[in-house]
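Enquirer: Provided herewith is a single structure, encoded as structure tokens, for subsequent inquiry.
A short reminder: the numbers here are calculations on the coordinates, not readings from a lab. Remember, it's a predicted structure, so these values are computed and weren't measured experimentally. Positions of Cβ are generated from backbone atoms using ideal geometry, with glycine treated the same way; all protein chains shown enter the neighbour counts.
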Amino acid sequence: MFAGLGGAALTGWAGYTMSTAPQKPNPPWWLLTLIIVLSPAILLLVVAVLALFVLSSTCLHILIWTFWCLRGRDILFVYSDSPIWHDYVEQRLLPPIRHRAVVLNWSRRKRWRISLARAAFHHFAGYREFNPLALVFRPLRRTRKFRFWQPFRDFRHGRPQALRKMEKDLFELIRVPYDETAT
């Protein structure tokens, strides 16, 4: 007859279920009315924000394609002076791409001027694992992001496979010879 003291519900003598869980109060009527009344404005605001994001992405792409890609620069590379990756980046990643990359050093970001590189970094890098980062811009294609943070973390713990794979993928995309034997 009873489901037990630990059960979520008890069955009474007439077969009705009695809940032992506390009942959540219904939201006040005015809150539901407010949400219904404001939902078109909220939806319009969301659509406007999305439209501005798409417009800013499109404008940035056009500026980058015009001012960088036509001049042979199609990579934005961001790194820092961290002892984990600084020497590796300086010796292994940057030399093959330096002639076609715009390079920003995160450790010197206080000295960054307002520029296309800074705007592109803030727009495309996001807020996670953005250092080291390579952004590859190709005309009329999506921007490819290579987030090196996790592969360097794995590398530091004795697992170089992810770093080697990301490095190889980057170099294959930009058609730069990749030396797998280099350390």
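Enquirer: Given +1 on the Cβ of Lys and Arg, -1 on the Cβ of Asp and Glu, and no further charges, what dipole in debye does the chain carry about its Cα centre, rounded to the nearest 20?
Expert: Numbers: 26 positive and 11 negative charges, 135 e Å.
Computed charge dipole of the chain: roughly 640 debye.
Enquirer: Once the Cα gyration tensor of segment 28-183 is diagonalised, what are the square roots of 5 times its eigenvalues, in whole Å and ordered largest first, as equivalent ellipsoid semi-axes?
Expert: Working from the Cα gyration tensor, I get semi-axes of 37, 20, 15 Å.
Enquirer: Going toward the positive end of the dipole of segment 73-183, with +1 on Lys and Arg Cβ and -1 on Asp and Glu Cβ, which of P160, L140, I174 do you reach last?
Expert: Of the candidates, L140 comes out farthest on the positive side.
Enquirer: Rank the residues S80, S56 as a footprinting-exposure proxy: fewest other Cβ atoms within 10 Å of their Cβ go first. Don't jump to the answer; show the numbers that get you there.
Expert: On the way: S80 17, S56 12.
Exposure proxy ranking, most exposed first: S56, S80.
Enquirer: OK, next. Please list 3J(HN,Hα) in residue order for segment 147-152, calculated via the Karplus relation 6.51 cos²θ - 1.76 cosθ + 1.60 where θ = phi - 60°; whole Hz, with x for glycine and proline.
Expert: For segment 147-152, the Karplus-derived couplings read 8, 8, 4, 5, x, 5 Hz, x marking Gly and Pro.
Enquirer: Cut-off is 10 Å between beta-carbons; in what order do Y178, Y79 appear when sorted fewest neighbours first?
Expert: Numbers: Y178 13, Y79 23.
Sorted ascending by nearby Cβ count, the order is Y178, Y79.
Enquirer: At 0.36 nm per residue, and after removing the present C-alpha to C-alpha distance, how many nm does the segment from V49 to V103 gain when stretched out fully? Can you show the working numbers first?
Expert: Details: separation 54, 0.36 × 54 = 19.44 nm, distance 2.99 nm.
Separation in residues times 0.36 nm, less the Cα-Cα distance, equals 16.5 nm.
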